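Trainee: My questions all concern the structure below.
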Amino acid sequence: MRPKQPIGQLKALFAEQVYPDQLGRYSRHKLAELAATHGTPTLIIDRDVLTEQYQSLQAALPGVNMRYAIKALPHPAVIEHLHHLGCGFDLATSGEIQRLQQLGIDAKQTIHTHPIKKDAEIRQAIDFGCRLFVVDNSHELAKFVPHKDRVELLLRVNFRHQDAVVDLSRKFGCELTHIPNLIEQAQQAGIRIVGLSFHVGSQVPAPVAHVNAIEQCIDVFNSLPQVDWRVLDIGGGFPIAYNGPALDIVDFCAPIHAALQQVDPDIELLAEPGRFIAGPSAIQLLSVVGKAQRGAHTWYYLDDGVYGTFSGMLYDHARYPITPLAQHDMTQGLKPSVLAGPTCDSIDVIADDMVLPDLAVGDYLVATQVGAYTLASATDFNLYPKAKVLCLNGQLMAQ
């Protein structure tokens, strides 16, 4: 059994888990009303936060055209709202194309970024109207020979970053040394290569990876002047702070913006933000459905877990801030606690060493920063339904 911790130490641990700046824009009373009205688990998407995140990134990277990575949070209301703001879209699958078609959004500001595709997927994207695609090897390049008069291609380059939380270059991207051969293959086949793309990985802690990648892409442009270079896609990877103070995206992007000033002004600049736009836009309301004392820890069983909205803990290596919705006395009753999901699987644990006040069955909790790679990868394991989704404007939940 673990030794009991002094109350002062427990209070400090509890304070580390609660970040008012991420919940302070909302009235806890109104959130409780929403939970009572709609039930739990309920995911609430805030359109105002979507606007703030999109506009702040656009301001931090002026001259870069945003293509929202639909996979992060493909909810129709999110896509419609970003389209209204003027954002374009990063497509990767036929399902994402169908989602845009269902919403009446055309292909004018889209790019298909999946480096590996079936021919049927290529044809569907072309029929939709998408003309810009990404490849990273000779086999994929050859798939575009039948479509060469209707498409333009970017070569995705591999720039690995050891500190990225999710290393996307482990799976995709060609080496810099392969570019001349791919260019030659494309020219012989009559396929138009018009640019380069890269993705330094998800949640990179500093902009140095983007800067290095941009500089090396510029070197490629200069070393192969016979190519009609017209596009540079700098991918995503713009981080958010899951725990602690919000990230200053202007400071993060300043070196990236400076590096982009060295790119030929005739080259169009694209980016593929997903997490940065979607992550902070959603909070989740949950309920305690069960409670048990197991050794030194109080176990609280919630109505959503890692098979649902918290799936990002497994697939995305994220840990989401979560706290009781009601205000509690911080001077007494703090206990080492475990938050578990509702399924019958023992892996379904959200947090196994939290410090919480004494909660009752029926009490509400709220998780923040749950917009990206959460609902998108949620399952119905054990046939538990996925969280209900509300899409609101922030003032409806404010003081």
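Trainee: Please specify each residue of region 251-301 satisfying the condition of being over 24 Å from Thr113 (Cβ atoms) and among the small types (Gly, Ala, Ser).
Mentor: Ala254, Ala258, Ser287, Gly290, Ala292, Gly295, Ala296
Trainee: Given the condition surrounded by 15 or more Cβ atoms within 10 Å (Cβ to Cβ), assigned to a loop (DSSP other than H, G, I, E, B) and among the aromatic types (Phe, Trp, Tyr), answer yes or no: does some residue in region 256-277 qualify?
Mentor: No, the conditions are met nowhere in region 256-277.
Trainee: With respect to the numbered conditions (1) in contact with a helix residue (DSSP H, G or I) (Cβ under 6 Å, 6 or more places away or on another chain); (2) closer than 21 Å to Ala77 by Cβ, which one is the sole condition not fulfilled by Ala318?
Mentor: (2)
Trainee: Still on this structure: List the number of the failed condition for Leu365; all other conditions in (1) within 19 Å of Tyr242 (Cβ to Cβ); (2) surrounded by fewer than 22 Cβ atoms within 10 Å (Cβ to Cβ) hold.
Mentor: (2)
Trainee: Given the structure, is Thr309 under 19 Å from the mean Cα position of the chain (by Cα) and either among the acidic types (Asp, Glu) or modelled with pLDDT of 95 or more (or both)?
Mentor: Working: under 19 Å from the mean Cα position of the chain (by Cα): yes; either among the acidic types (Asp, Glu) or modelled with pLDDT of 95 or more (or both): yes.
For Thr309, the condition - under 19 Å from the mean Cα position of the chain (by Cα) and either among the acidic types (Asp, Glu) or modelled with pLDDT of 95 or more (or both) - is met.
Trainee: Considering only region 278-288, how many residues are in contact with a Leu (Cβ under 7 Å, 6 or more places away or on another chain), part of a strand (DSSP E or B) and either surrounded by 24 or more Cβ atoms within 10 Å (Cβ to Cβ) or at positive phi (or both)?
Mentor: Here the count works out to 4.
Trainee: Select from region 217-249 the residues that are at pLDDT below 95, among the small types (Gly, Ala, Ser) and surrounded by fewer than 21 Cβ atoms within 10 Å (Cβ to Cβ) and write down the one among them that is nearest to the chain's Cα centre (by Cα).
Mentor: Selected residue: Ala241.
Trainee: While we're here: Tell me which residues, restricted to region 314-329, are under 16 Å from Gln203 (Cα atoms) and loosely packed, with under 15 Cβ neighbours inside 10 Å.
Mentor: Across region 314-329, the qualifying residues are Leu314, Tyr315, His317, Arg319.
Trainee: Can I ask one more? Search region 330-353 for residues being small (Gly, Ala, Ser) and surrounded by fewer than 17 Cβ atoms within 10 Å (Cβ to Cβ), and hand back the single one that is nearest to Tyr364 (Cα to Cα).
Mentor: Per the stated criteria, the residue is Gly333.
Trainee: I would also like to ask the following. What are the residues in region 314-339 that are under 23 Å from Tyr26 (Cβ atoms) and under 20 Å from the mean Cα position of the chain (by Cα), if any?
Mentor: Within region 314-339, Ala318, Arg319, Tyr320, Pro321, Ile322 meet the criteria.
Trainee: Could you grab the pairs with beta carbons closer than 8 Å, sequence gap of 6+ or different chains, first residue in region 171-182 and in contact (Cβ under 8 Å) with a residue 24 or more places away in the chain, second one crowded, with 17+ Cβ neighbours inside 10 Å and in a helix (DSSP H, G or I)?
Mentor: Once the first residue is in contact (Cβ under 8 Å) with a residue 24 or more places away in the chain and sits in region 171-182, its partners that are crowded, with 17+ Cβ neighbours inside 10 Å and in a helix (DSSP H, G or I) give Cys174/Leu182; Leu176/Val220; Ile179/Val220; Leu182/Leu141.
The values are calculated or read from the model by the stated rules, or taken from the named source; none is laboratory data. Just so it is clear, the structure is predicted and the values come from calculations on it, not from any experiment. Every residue, glycine as well, gets a Cβ built from its backbone with ideal geometry; the counts of neighbours run over all protein chains shown.
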